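Q: Sharing a structure below in structure tokens format, with a few things to ask.
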Amino acid sequence: MTVKELIDSGLFGVINEGENPDCEVTKVYACDLLSFAMSKAVSGSAWFTVMGNMNTIAVAVLTECSCIILCEGAALDETGLQKAQQQGVTVLKTALPIFEAALLLHEKLK
Amino acid sequence: MTDVIKLTYKVDGEDFTRAGEASSDLKGKLKKMNVPPDAIRKVAIAMYEGEINMVIHAHGGEITVEISKDCITMVLADRGPGIKNVELAMQAGYSTAPDNIRTLGFGAGMGLPNMKKYTDEMKIDTELGVGTTVTMRVNIA
Ligand SMILES: Nc1ncnc2c1ncn2[C@@H]1O[C@H](COP(=O)(O)OP(=O)(O)O)[C@@H](O)[C@H]1O
Ligand SMILES: [Mg+2]
């Protein structure tokens with residue numbers, strides 16, 4: 001599934017459509033602590049978290065995540081949004097808890 | 001690539017919006033030089049953690065990077081408070097990060113362990129009240 005297909009599936013809301021529509025969503029990753037994400041998220045990961053700030057964006061760029069999904073209705077703060085727009089990072093949202101949201105995508109990727 | 005390429009980055013200790021920029025820039029440059037992805041990933045992880053530590057624990061500093069055909073060497077120097085007990089600081093989960101930093105997702109206490117894990121050599125020179133210099137080397141296989 002590509003990022004564009006994930007967006008079009010309507011599974012999650014859209015906060016920022018990035019510059020990577022054709023990027024393949026390869027894996028599901030969930031954690032809020034940046035040091036864990038930095039070492040464990042791999043290229044193509046869809047990253048589920050409640051941390052919506054610029055540091056989340058920075059780590060997503062460095063690890064080459066395909067997208068970030070902010071769960072539990074968590075918002076992306078203003079500087080985070082600016083950074084996501086600048087760097088072309090796809091950020092989605094959902095009111096679901098992290099586990100349920102990640103499971104939804106996991107089922108879809110099977 | 002026969003020569004050694006040298007890069008320097010100033011890390012602003014107050015500006016969280018720019019934390020990670022040096023790592024991003026270096027990653028982009030290494031990609032352009034066709035350094036193997038595995039080595040780039042290690043450098044990006046180690047450098048990001050080091051850069052963040054300079055911002056959250058040491059009011060910023062300076063990073064020097066040397067890229068040769070065999071390895072990438074990063075030297076992160078700050079004039080922060082220094083590290084009292086390096087052995088303790090190296091333990092997974094140990095962190096003195098304050099709550100306001102933790103709410104941003106930092107402070108897992110995994111920075112130094114990650115830096116050690118993802119580099120081929122790591123050395124910490126630190127003196128209380130003077131500063132800390134972390135030297136890391138990633139070999140290009
Ligand atoms: N450059 C530094 N200057 C001063 N103290 C540091 C520095 N880097 C790390 N430390 C100390 O070592 C501890 C562990 O660092 P680290 O493993 O990166 O975890 P974290 O940054 O999540 O606290 C920090 O909480 C801090 O007390
Ligand atoms: Mg750290």
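The values are calculated or read from the model by the stated rules, or taken from the named source; none is laboratory data. Everything quoted here is computed from the prediction, not taken from an experiment. Side chains are part of the model used for accessible areas, which takes the heavy atoms of the whole protein and leaves out ligands, DNA and RNA. Shrake-Rupley method; radii C 1.70, N 1.55, O 1.52, S 1.80 Å.
Q: So how exposed is B:HIS59, as accessible area in Å² (1.4 Å probe, rounded to 10)?
A: Per-residue accessible area (B:HIS59): approximately 130 Å².
Q: If you don't mind, there's one more thing I want to ask. Where does the Debye-calculated log10 I(q)/I(0) of the stretch B:1-83 sit at q = 0.17, 0.23 Å⁻¹, using only Cα point scatterers of equal weight, no solvent?
A: Values returned for q = 0.17, 0.23 Å⁻¹ are -0.64, -1.05.
Q: Checking a compactness column here: for chain A, what do you get for Rg(Cα) / (2.2 N^0.38 Å), N being the number of residues?
A: Computed over Cα atoms of chain A, the ratio equals 0.91.
Q: Sorted from largest down, give the three principal axis spans of the alpha carbons of the stretch B:102-141, whole angstrom values.
A: 38, 27, 11
Q: Roughly how much of A:VAL28 is accessible, in Å² to the nearest 10, using a 1.4 Å probe?
A: 50
Q: Still on this structure, please answer the following. Once the Cα atoms of the protein assembly as shown are picked out, what are the Rg and Dmax in Å?
A: Spelled out, the Cα radius of gyration and Dmax of the protein assembly as shown are 18.1, 55 Å.
Q: What whole-number distance in Å separates the alpha-carbon centres of the stretch A:58-110 and the stretch B:59-82?
A: Answer, in whole Å: 31.
Q: Still on this model: Compute the Rg/Rh shape ratio of chain B: radius of gyration over Kirkwood radius, all on alpha-carbon atoms.
A: With Rh from the inverse mean 1/r over Cα pairs, Rg/Rh is 0.96.
Q: Mind listing the long-range amide H neighbours of A:ILE69? Cut-off is under 5 Å, sequence gap 5 or more, other chains count too, H placed in the peptide plane at 1.01 Å from N.
A: A:TRP47, A:PHE48, A:THR49, A:LEU92
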